[in-house]
Amino acid sequence: MIIDAHTHHYKEYPDNLEVLQVVNVRNRSEFEALKGKRNVKTSYGLHPWWINEDNIDWDLLRDVDVVGEIGLDKAVNIPIEKQIDIFEVQLNYALSSGKDIIIHCVRAYNEVQQCLKKSGFNGRALFHAYRSTPEMARQLLRICDARFSFGDRELALEKYRKVKDSLPPERVFWESDDE
């Protein structure tokens with residue numbers, strides 16, 4: 001079976017090709033459209049880019065399989081303190097519900113690490129589009145049940161292919177993300 005660990009676009013595959021897709025939905029109607037689809041898990045969360053919209057659908061968060069894409073992003077013009085507050089709320093929800101998480105992180109791995117420690121989250125966490133070092137990956141593996149996904153953008157760069165190759169193969173996943 002092929003796993004697309006993080007995508008924003010559901011794809012129909014031929015019946016002879018087994019592909020599990022973790023589809024990040026933006027709203028209830030996208031979620032409803034995927035109900036009953038073969039080999040689909042859904043994810044939903046308040047992405048750091050959209051925090052100022054402050055429109056999380058908590059009922060939808062309860063209905064999806066995975067909490068995410070959540071996290072921190074220092075490349076956006078939203079105060080990191082506000083991002084951390086929202087991230088911690090969603091981490092605590094994932095912890096209390098027993099759900100896995102998908103983490104979006106841009107130049108904020110130390111802060112994500114601190115939030116994970118503070119919340120006590122030690123469940124499965126997929127660091128999507130992983131763009132950090134093997135050393136950071138090892139630190140994350142000590143904190144939680146970390147997995148790392150790489151898309152074509154990351155794998156086009158030799159430094160991220162080397163990071164991928166340094167990780168335990170069972171912790172590495174492919175993703176199509178927005179492609």
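Residue farthest toward the positive end of the dipole of the range 44-179, with Cβ of Lys/Arg at +1 and Asp/Glu at -1: which of F127, P168, I56?
Positive-most Cα among the choices belongs to P168.
Straight-line reach from K117: which lysines have a Cα under 22 Å away, not including same-chain ones fewer than 8 places off?
The reachable lysines, counting only those whose Cα sits under 22 Å from K117, are K74, K82, K99.
With Cβ to Cβ distances under 10 Å as the rule, what net charge do the other residues near D63 carry (K, R +1; D, E -1)?
Charge balance in the 10 Å sphere: -1.
Quick one: how many Å² of V106 are accessible to a 1.4 Å probe, rounded to 10?
Answer for V106: close to 40 Å² accessible.
Taking all protein chains together and a probe of 1.4 Å, list L155, L95 from the most accessible to the least accessible.
Output order, biggest surface exposure first: L95, L155.
Can you tally the net charge around Q90? Count Lys and Arg as +1, Asp and Glu as -1, for every other residue whose Cβ sits under 11 Å from the Cβ of Q90.
-2
If you average the C-alpha positions of the range 89-104 and of the range 139-156 separately, how far apart do those two centres end up, in angstrom?
Taking the Cα centre of each part, the range 89-104 and the range 139-156 sit 17 Å apart.
Name the long-range amide H neighbours of I102: under 5 Å, sequence gap of 5 or more, or other chain; modelled H, no Pro or chain starts.
V67, G68, I70, L126
With helices defined as uninterrupted DSSP H runs, which ones in the chain have an alpha carbon span along their own long axis of at least 20 Å and mean Kyte-Doolittle hydropathy of at least 0.0?
80-97
Can you classify the chain as rounded, prolate or oblate using the Cα gyration tensor, where a ≥ b ≥ c are the square roots of its eigenvalues, rounded means a/c under 1.5, and otherwise it's prolate if a/b beats b/c and oblate if not?
Verdict is oblate for the chain.
Applying the Karplus parametrisation 6.51 cos²θ - 1.76 cosθ + 1.60 with θ = phi - 60° to the phi angles of the range 145-153, what ³J(HN,Hα) value in whole Hz is obtained for each residue in order, glycine and proline being reported as x?
7, 7, 10, 9, 10, 10, x, 4, 5
Classify the range 59-143 as rounded, prolate or oblate from the Cα gyration tensor: take a ≥ b ≥ c as the square roots of its eigenvalues, call it rounded if a/c is under 1.5, otherwise prolate when a/b beats b/c and oblate if not. Let's see the in-between values first.
On the way: a/c = 1.62, a/b = 1.22, b/c = 1.33.
Judged from the Cα gyration tensor, the range 59-143 comes out oblate (a/c at least 1.5, b/c at or above a/b).
The values are calculated or read from the model by the stated rules, or taken from the named source; none is laboratory data. The shown structure was predicted, so the numbers you read here are calculated from the model rather than taken from an experiment. Note that each Cβ is placed from the backbone with ideal geometry, even for glycine, and that neighbours are counted across all protein chains shown. For the accessible areas, the whole protein counts, side chains as well, though only heavy atoms, and no ligand, DNA or RNA atoms are used. Shrake-Rupley method; radii C 1.70, N 1.55, O 1.52, S 1.80 Å.
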